[in-house]
Amino acid sequence: MALTLRSSISFINQKETKILKTSDDVPAIVSFAKVKPSFRLRVKNSMQEARPARDNSFNSEARRNEKWEKVHAPSVAHSHSDSKRVPVYVMLPLDTVTMGGSLNKPRAMNASLMALKSAGVEGVMVDAWWGLVEKDGPLKYNWEPYVELVQMVQMHGLKLQVVMSFHQCGGNVGDTCSVPLPPWVQEEISKNPDLVYTDRSGRRNPEYISLGCDSVPILRGRTPLQVYADYMRSFRDRFGDYLGSVIVEIQVGMGPCGELRYPSYPEANGTWRFPGIGEFQCYDKYMKASLAAAAEAIGKKEWGGGGPHDSGQYNQFPEDTGFFRREGTWNTEYGRFFLEWYSGKLLEHGEKILVSAKGIFDTSGVKLSGKVAGIHWHYRARSHAAELTAGYYNTRNNDGYMPIARMLAKHGVVFNFTCMEMKDREQPDFANCSPEGLVSQVKMATKTARAELAGENALERYDADAYAQVLSTSKSESGNGLAAFAYLRMNKRLFEGDNWRHLVDFVRSMSEGGRRERLPASDSHGSDLYVGHIKSTREKHTQEAVLV
């Protein structure tokens with residue numbers, strides 16, 4: 001098996017690579033096409049035993065330098081001028097850590113990190129799955145595969161963003177593996193199915209614990225909020241030596257897919273298909289009790305029996321329903337009451353988790369971020385139906401992202417938003433999409449609220465047009481520019497031919513504030529980086545370095 005990386009430029013520094021320590025029966029070779037001087041690096045052992053270099057002078061100097069570095073980059077901390085660089089991170093595979101509790105394919109990971117470093121990438125992002133780390137029982141944490149990853153990332157001079165992933169992996173767009181919630185949590189759910197979100201027909205969603213029971217001790221004597229806090233505290237204690245230097249950002253999971261939202265459009269078992277409006281998720285007993293109390297508090301007890309009766313089903317369109325149609329119930333006194341309660345509960349949930357995270361990581365030197373979903377379908381409709389079912393009270397008459405931006409800004413949390421790569425003209429007309437309009441609205445909301453904005457692409461894209469769109473949205477001509485960008489996602493395709501060249505072009509352009517649209521022709525055919533098992537040399541004049 002071989003991994004071929006064709007890059008338009010390589011920045012690997014020989015001094016930096018001397019810290020690599022590997023062992024393997026069959027040498028893995030990293031070779032470059034002819035450059036001046038050409039060289040070949042022979043890596044001699046298995047990355048399962050990879051450790052940072054033991055050269056104390058190097059390590060101490062690196063630590064001193066890292067402590068002085070900003071979390072993203074000094075030039076973009078609170079300023080979004082187009083002349084400022086935007087650091088690029090690359091998301092690691094969802095199965096970076098296996099269900100068995102080990103780092104997945106460590107030698108390939110090492111080679112990939114080396115390539116990303118050569119491309120000028122700032123760092124990588126990884127999910128720290130609750131279902132893997134606390135799998136063996138309450139308060140029994142296994143961080144060891146993540147320790148191995150952190151050390152490998154450090155070894156290559158990269159930074160790391162870690163997602164506190166309190167959700168299930170599997171059943172959503174882009175999910176390529178399955179990581180359920182911890183077994184002991186699933187046991188509690190089986191005893192009490194109301195612990196998870198439920199739709200009007202009674203369908204349970206196992207992706208994430210319902211926010212309705214945030215403060216109820218339903219997890220072996222602890223509340224979900226306490227469980228999340230204990231998990232983050234354990235992470236802080238285990239990785240204290242790396243926080244603020246190697247680990248520079250903690251993205252706090254607050255819902256399905258790690259996003260602050262309700263699971264209103266689940267793809268599992270064909271429940272939802274694009275561009276359906278989705279369904280409200282407020283029918284577990286805890287959410288119903290909260291709604292009933294809110295209705296009674298304003299003297300409208302009859303409004304507290306459940307969600308809207310005329311809001312339709314997952315795969316309908318707004319005009320098919322009484323609630324979401326142009327002059328629907330969404331714009332009545334009842335509709336406003338329900339949407340304010342539904343979105344308010346979500347905002348309250350996010351703030352409680354973030355306040356907890358802020359207290360835990362406050363002096364660690366890391367940034368905190370929270371992710372918001374880019375729900376762009378039916379954006380042009382008055383009701384913005386798909387956003388409403390997800391918990392964003394965003395309509396023709398109400399800005400649903402300003403309250404989120406203000407809450408995040410209040411606690412110094414980065415607003416991380418998706419669909420930065422999408423263009424309106426790429427979307428089907430019947431879906432009434434406007435990803436560009438949505439991104440523009442979020443940029444203005446974060447600018448007004450003085451919240452820092454970071455971005456991601458929503459779908460896997462490798463083409464120059466998608467990168468160009470991100471470059472465009474990263475600028476601050478209207479609203480906030482981007483403080484950082486996370487590319488979804490590292491896989492075999494990313495390292496193929498033009499895909500790799502496009503990524504390198506993109507990273508270069510982002511590092512120059514988007515001013516460079518593409519690399520000069522002289523740099524666009526520079527090198528072929530090949531990582532694999534090579535039995536014979538292809539060039540006569542090479543320099544070999546055995547890395548120990």
**Approximate spin-label separation K492-A108, in nm, with each point projected 7 Å along Cα-to-Cβ** = 0.7
**Item:** Relative compactness, region 397-457, computed as alpha-carbon Rg over 2.2 N^0.38 Å
**Value:** 1.20
**Message:** For a quick check of understanding: with a 1.4 angstrom probe and all protein chains in place, what accessible area in square angstrom does R85 have, to the nearest ten?
**Reply:** 70
**Request:** Just order 463-472, 392-401 by mean Cβ neighbour count inside 10 Å, highest at the front, would you?
**Result:** 392-401, 463-472
**Request:** Note down the nm distance, to one decimal, between modelled labels 7 Å out along Cα→Cβ at N142 and at W184.
**Result:** 1.4
**Request:** Name the residues whose placed amide hydrogens come within less than 5 Å of the amide hydrogen of V97, ignoring near sequence neighbours (fewer than 5 apart) on the same chain.
**Result:** N104
**Item:** Percent antiparallel among DSSP beta bridges (both partners in region 348-475, rounded to 5)
**Value:** 10
**Request:** Calculate the all-directions average of the projected area of region 274-412's alpha-carbon convex hull, and give it in nm².
**Result:** 9.2
**Count, lysine Cα pairs under 16 Å in region 366-520, 8 or more residues apart or across chains** = 8
**Prompt:** Normalised by the residues of region 343-489, what does the relative contact order come to in percent, with Cα pairs under 8 Å and at least six apart?
**Reply:** 23
**Asked** Could you state the number of Å between the C-alpha centres of region 290-353 and region 466-482?
**Response** 34
**Item:** Evaluated over region 115-225, the Cα radius of gyration and Dmax, each in Å
**Value:** 17.0, 52
**Asked** Which FRET efficiency value, to the nearest 0.05, do you get for S201 and D424 by plugging their Cβ-Cβ distance into 1/(1 + (r/R0)^6) with R0 = 45 Å?
**Response** 0.85
**Prompt:** What does a probe at M99 reach in region 253-277, counting residues whose amide N is under 18 Å from the point 7 Å along Cα→Cβ?
**Reply:** 268-269
**Fill in**
Subtracting the Cα-Cα distance of Q313 and R450 from 0.36 nm times their residue separation yields 45.6 nm
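The values are calculated or read from the model by the stated rules, or taken from the named source; none is laboratory data. Note that the coordinates shown come from a computational prediction; the quantities given were computed from them, not determined experimentally. When we count neighbours, we look across all protein chains shown, and the Cβ atoms used for this are built from the backbone with ideal geometry, even at glycine. Quick note on the areas: whole protein, heavy atoms, side chains included, nothing else; ligands and nucleic acids left out. Shrake-Rupley method; radii C 1.70, N 1.55, O 1.52, S 1.80 Å.
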